[in-house]
Amino acid sequence: MGIVAQSIAARRAGRRPGSGLVLLARLTGDPLYLLGFGGQVGGFALAFFARDVLPLYLVQAASSSAIGLATVFGIVVLRWRIRATEAFMLVLMALGLVALAGASKPSVAAELSSGTVLVLLCVLLGVGVTMTRLNRTDTFALPAVLSGVAFAVVAVTSRTLAHWDLASLPGNPLTWLMLAAAVLGQASMAVALQRGLATAVVATADATTIVLSSAAGLTVLGDQVADGTELWVAVGLTAVVIGVLVLGSSSRTTSISVEALEKPA
């Protein structure tokens with residue numbers, strides 16, 4: 001629901017020349033955007049503490065399953081009659097999360113090497129440069145993907161930072177890299193929300209984040225998998241990503257944000 005609030009604020013801000021950072025600066029004066037952003041910050045805080053001992057493939061898949069909760073919200077509160085596709089996707093996502101939970105093995109993340117930090121910095125620079133060219137396209141897909149890439153950097157860096165003492169975080173360069181990635185992710189998300197419906201934008205960004213951060217967690221951060229359950233991770237991630245994309249493209253889940261947008265500010 002926080003993303004829906006941000007979507008309404010981004011749409012009513014209007015399209016003006018400038019980068020996503022300019023749009024983000026304008027939106028900081030909108031109380032509705034700040035309300036939605038507050039919800040997102042709360043979700044990030046919970047995910048941050050979860051990353052202390054849990055692998056990224058589980059944390060990111062679980063947090064990205066909010067699209068499934070949006071569908072359940074529509075069925076329970078808005079009295080939607082559940083469709084066969086929706087029922088199947090909800091069951092598929094639930095089974096995927098169960099498989100990932102069963103395969104996960106708690107561990108503390110490995111420290112990032114200087115080479116890996118440099119790669120992450122280059123990725124962020126690439127996102128920033130590409131953001132300056134977003135005015136050349138009117139689709140939501142590119143800024144949504146850029147947002148997903150930036151939030152993947154947030155996930156990777158925060159997985160390493162999560163086991164640090166909170167008082168020591170301001171002195172750690174990774175903290176500032178994480179914050180820079182979060183700002184770029186929010187700016188790209190704001191642009192995408194102006195161009196597409198909230199659930200479709202979030203589904204695209206979340207699917208990107210799940211794939212990239214899970215791969216980085218397993219190959220770079222030393223995320224652990226219980227013996228003999230490697231296939232569970234592959235199947236579970238595939239199930240969650242498919243569920244996120246299909247439910248995000250559903251005309252009924254996007255109607256939550258459409259109905260909100262049609263109401264006067």
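At 25 °C and 0.890 mPa s, what whole-number value in µm²/s does Stokes-Einstein give for the translational diffusion of the stretch 120-161, with Rh from the Kirkwood sum over Cα pairs? Please list the in-between numbers first.
On the way: Rh = 10.9 Å.
My calculation gives 225 µm²/s for D.
Summarise the accessible area of the stretch 46-124 (1.4 Å probe, protein heavy atoms) by the percent that is carbon and sulfur.
Details: 3050 of 4090 Å².
It is 74 percent, rounded to a whole number.
Looking at the stretch 76-152, the trypsin sites (Lys or Arg not before Pro) that sit in a DSSP loop and have at most 10 other Cβ atoms within 10 Å of their own Cβ are ARG79, ARG81, ARG133. Scalar couplings 3J(HN,Hα) for the stretch 93-101, obtained by applying the Karplus form with A = 6.51, B = -1.76, C = 1.60 to θ = phi - 60°, are 5, 4, 5, x, 5, 5, 4, 5, 5 Hz; x denotes Gly and Pro. In the context of the full set of protein chains, the chain has a per residue accessible area of 46 Å² (1.4 Å probe).
For the peptides 84-90, 185-191, residues were scored by their other Cβ atoms within 10 Å and the scores averaged per peptide; the highest-first order is 185-191, 84-90. When Rg and Dmax are taken over the Cα atoms of the stretch 85-183, they come to 17.3, 49 Å.
Throw me the Rg/Rh for the chain, computed over C-alpha atoms with Kirkwood Rh, two decimals. Taking Rg over the Kirkwood Rh, I get 0.96.
Restricted to Cα atoms, the stretch 139-193 shows a radius of gyration and a Dmax of 12.6, 42 angstrom.
The mean sequence distance of close C-alpha pairs (under 8 Å, at least 6 residues apart), as a share of the length of the chain, puts its relative contact order at 33 percent.
A full extension of the chain between THR28 and PHE49 corresponds to an added length of 5.0 nm, given 0.36 nm per residue minus the alpha carbon distance.
Relative contact order of the stretch 120-228, please, whole-number percent, based on alpha carbon pairs below 8 angstrom and at least 6 residues apart. List each step's numbers first, then the result.
Working: 109 pairs, mean separation 41.9, N = 109.
Once normalised by length, the contact order is 38 percent.
The values are calculated or read from the model by the stated rules, or taken from the named source; none is laboratory data. Quick caveat, the model's predicted, so the values are computed rather than measured. Cβ sites come from the backbone with ideal geometry, for glycine too, and all protein chains shown count toward neighbours. Please note that ligands, DNA and RNA were not included when accessible areas were found on the heavy atoms of the full protein model with its side chains. Shrake-Rupley method; radii C 1.70, N 1.55, O 1.52, S 1.80 Å.
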